[in-house]
Amino acid sequence: MEGQELPYVLIDCIGGMHGVYEDHVGFLQKHFHLITMKEYLENKTLLSKKIRAIYMWYHKPVVNKELLQSLPNLRIVASSGVGIDHLDLNLLSSFGVKVSNTPFIVSTDTADLGMALMLASSRRLVEGYEMAVSPDTEYFPADWLGAEVSGATLGIVGMGTIGYKVAERAKAFEMKILYHNRSQRKKEEESAVGAVYCKKIDDLLQQSDFVLLAVNLTPQTHKLIGKRELELMKPTATLINISRGLIVDQDALVEALQNKVIKAAALDVTYPEPLPRDHPLLKLKNVIITPHIGSATKKTRRIMMEEMTESIQAGIAGLPIPHEVLP
């Protein structure tokens, strides 16, 4: 609105490793007066009462009690992506601050990546590439084989939006689909993808050729997959994680991979990220690790930014917030 000052919104920085994308800034500046953390810290007295929202792009800026106490007119924290395990929802609520995320837009790309990891691991694409380009390679061995995806059994742990989209894709590969979830899906949803519900996760682990994790990180799912669960899996099975690193006990996973308790792992997430450069997971040939790129496509990141903008506008105006996350 002409003549009216744009709302002040706190961001971490522009560009760089964790900053707002430079090609998003133009859109955001049409709606908000952006304040970087550096600018804020240098002008706290002037800016603290002006900031109405925090635009949290990939967990930055960090929101803690000290920051909340310094922003008396803060109304909303808009966080990119699905996970909100980096936020203390009860603390934010105690300050009267609302929270939003971008849960649905990331699901398609993340499901695509889950299938990509499954295919890359089963057909040993990374190893194959290294062999094909190595200066030491003189021939391609005839007994260098992968495993079939088509017709194999996929166990999906967490049948939310992402898990279900994985199932839709797996159906096209004629996979047998099992799933474990807090609640059973509707019969018509199950039959649409040919999925069978496993009330006990143990049943899924024992039967699956591929186990794909697509759950939110909560106190209940923290280290959901540990030594016991890995030992229930087939020795020919592959574990795929597209959720959060802390869903898996990494020490137990390293041990299981080294001792051939399971065949392989394909991980888009670890803990921490990135792993220390001497971490044993980085040295195993039966592991593929990608740098948490589930939603990393230009189109998705643009839509995430637009959805965060809508949530901030609604939060400042006191209107219902799209994708509000409740404590």
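The values are calculated or read from the model by the stated rules, or taken from the named source; none is laboratory data. Note that the coordinates shown come from a computational prediction; the quantities given were computed from them, not determined experimentally. Positions of Cβ are generated from backbone atoms using ideal geometry, with glycine treated the same way; all protein chains shown enter the neighbour counts. Ligands, DNA and RNA are stripped out before the accessible areas are found, and what is left, the full protein with its side chains, is counted by its heavy atoms. Shrake-Rupley method; radii C 1.70, N 1.55, O 1.52, S 1.80 Å.
Observations, loosely collected:
- Which listed residue is at negative phi and outside any loop (DSSP other than H, G, I, E, B), from L87, L68: L68
- So R302, is it in contact with a Phe, Trp or Tyr (Cβ under 9 Å, 6 or more places away or on another chain), farther than 17 Å from V211 by Cβ and open to solvent by 10 Å² or more (accessible area, probe 1.4 Å): yes
- The range 225-263, subset of a type in the set (G, A, S) and surrounded by fewer than 18 Cβ atoms within 10 Å (Cβ to Cβ), residue nearest to the chain's Cα centre (by Cα): G245
- Residue ID - surrounded by the fewest Cβ atoms within 10 Å (Cβ to Cβ), chosen from residues in the range 137-162 that are within 15 Å of F210 (Cβ to Cβ) and polar (S, T, N, Q): S150
- Residue check for D209: of a type in the set (D, E, K, R), closer than 19 Å to V166 by Cα and surrounded by fewer than 23 Cβ atoms within 10 Å (Cβ to Cβ): yes
- Top-ranked residue of the range 90-112 - restricted to ones that are in a loop (DSSP other than H, G, I, E, B) and polar (S, T, N, Q), ranked as most open to solvent (accessible area, probe 1.4 Å): N101
- Residue within the range 133-154 that is over 30 Å from E190 (Cα atoms), β-branched (V, I, T) and in contact (Cβ under 8 Å) with a residue 12 or more places away in the chain present: no
- Among the residues of the range 138-145, at least one is farther than 22 Å from E307 by Cβ and in contact with an Asp or Glu (Cβ under 9 Å, 6 or more places away or on another chain).
- Selection count where residues are charged (D, E, K, R) and outside any helix (DSSP H, G or I), scope the range 300-327: 1
- Residue list for the range 268-283, filter: assigned to a loop (DSSP other than H, G, I, E, B), buried (at least 16 other Cβ atoms within 10 Å of the Cβ) and over 13 Å from the mean Cα position of the chain (by Cα): L275
- Within the range 1-48, tally of residues that are open to solvent by less than 100 Å² (accessible area, probe 1.4 Å), of a type outside the set (S, T, Y) and in contact (Cβ under 8 Å) with a residue 24 or more places away in the chain: 21
- Tally, over the range 284-299, of residues that are without any contact (Cβ under 8 Å) to a residue 24 or more places away in the chain and surrounded by fewer than 18 Cβ atoms within 10 Å (Cβ to Cβ): 3
- The range 61-88 - residue that is charged (D, E, K, R), surrounded by fewer than 19 Cβ atoms within 10 Å (Cβ to Cβ) and at pLDDT 95 or above and, of those, farthest from the chain's Cα centre (by Cα): E66
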